[in-house]
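Please treat every number below as a calculation from the coordinates, not as lab data. Remember, predicted model here, so these are calculated numbers, not experimental data. Positions of Cβ are backbone-derived with ideal geometry, glycine not excepted, and every protein chain shown enters the neighbour counts.
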Amino acid sequence: MIRVENVRKSFGQTPVLDGVDLTIAPGEVVSILGSSGSGKSTLIRCINGLERLSGGRIMVDEFDVSMPKELAEARKRSGTVFQLFNLYPHMTVLGNITLAPIEVLKKPRGEAEARARALLESVGLGGRADAYPAQLSGGQRQRVGICRALAMQPRYLLLDEVTSALDPEMTAEVLTILAKLAQDGTTMLFVTHEVEFARQISDRIVFLDKGKLLVDLPTKDFFDNSGGMAQPRVAQFLSKMRKD
C-alpha cells in the first residue's frame, strides 16, 4: 500500500502540505478534492518523488521515496498521468508507450510493443500506434498518457487533474476510460475537480484545505450532511463547484 505519514512540504517560507497522513490500500480508488492551491498536485508529486519532502515519510509498499536507492523501485510500482500529457513529441505513440518498459523494466521490444498495442486497443486507439502526439486530439493524447502509465504494469495509478486541459467532449472520453479502470480494480489516487465523477467511482474522498487533510471519509459519508458536509469548508466548496 501507499502510506503518507505526517508529510510536510514548503516552498521557501510557504507551507503547501502540513502534516498530511493518508493510506491507499490495493484495489482502492481514492479521490482528492480541494480548491486551487490546497496542495493536491503537490501531494501527487511528492508520492512519485518529483518533490522532496520537507518532513515526514512516504512509503510505496516497502520503499521510502525519500531514499534515492529506493525511489526507483517505488516508481516501478506507481504510474503517473499528468494534466498536460507530457508525451515526447518526436516519438510515435508506440514509442512513447514502450520507452519505459524497455529501458527501465528491460522488457524485450516485441513484448513491450505487444502490450502497448493491446492497451491502445482497450482505449479505442488501436489504429494510432504510428501517429505522433501533434497528430492527436487532446483527449487522444491523454488516453495515450494513461496507456503509457499502465504499460509499466504499476500497482498504483496516480492521476493529477488529467481532464483539466480538455474540453467537455474530450473530458468525457478520458473519464470513460478511468471508470473502466476503476471497475476493473485498478488502484487509483485521483486528484480532480470533477466532483460528480469522483462521487461515482471513488471508494473514499479526501479533502485538502490549505495543505491540511481536513476530511478522509468513505464516499457516501463524504457527501452526507452528517459526514463531510458537516464541515463548513467542505459544504462551501461543494456548493461553489455545483454552481460552476
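Observations on the model:
- Distance from region 179-231 to region 108-148 (C-alpha centre basis), Å: 29 Å
- For the peptides 9-16, 233-240, the ranking by mean Cβ contacts within 10 Å, running from highest to lowest, is 233-240, 9-16.
- From helices alone, the chain scores -11500 deg cm²/dmol at 222 nm; the rule is -39500 (n - 2.57) for each run of n ≥ 4 DSSP H residues, then divide by the residue total.
- Each residue of region 28-35 is assigned a 3J(HN,Hα), and the resulting list reads 7, 10, 10, 9, 10, 10, x, 6 Hz, derived from the Karplus form 6.51 cos²θ - 1.76 cosθ + 1.60 (θ = phi - 60°), x at Gly and Pro.
- Against the chain, whose longest principal axis comes from its Cα atoms, helix 93-103 is set at around 80 degrees.
- Whole-Hz Karplus values for region 147-155 come out as 4, 4, 5, 5, 4, 7, 6, x, 6 Hz, taken residue by residue from phi with 6.51 cos²θ - 1.76 cosθ + 1.60 and θ = phi - 60°; glycine and proline positions read x.
- Restricting region 102-168 to trypsin sites (Lys or Arg not before Pro) in coil, as DSSP defines it, with at most 11 other Cβ within 10 Å: LYS106
- Inter-probe distance in nm under a simple model that places probes 7 Å from Cα toward Cβ, at GLU121 and SER239: 5.2 nm
- From phi via Karplus (6.51, -1.76, 1.60), per-residue ³J(HN,Hα) for region 9-17 in Hz, x at Gly/Pro: 8, 10, 10, x, 8, 9, x, 10, 10
- Note on GLU169 and HIS193: their simple-model spin labels are 2.1 nm apart, each label 7 Å out from Cα toward Cβ.
- Considering only LEU213, TYR88, LEU189, and ranking their Cα positions along the charge dipole of the chain that arises from unit charges at the beta-carbon of Lys, Arg, Asp and Glu, the one farthest toward the positive end is TYR88.
- For the pair region 58-81 / region 1-26, the C-alpha centres are spaced 15 Å from each other.
- Degrees separating the helix 109-122 axis from the principal Cα axis of the chain, which is the longest one: 60 degrees
- Prolate/oblate/rounded label for region 153-229 (Cα gyration tensor, a/c 1.5): prolate
- GluC sites (Glu not before Pro) within region 1-77: DSSP coil, no more than 15 neighbouring Cβ in 10 Å: GLU62
- Given the alternatives [x] 0.99; [y] 0.95; [z] 0.97, Rg/Rh (Cα atoms, Kirkwood Rh) as computed for this entry is given by [z].
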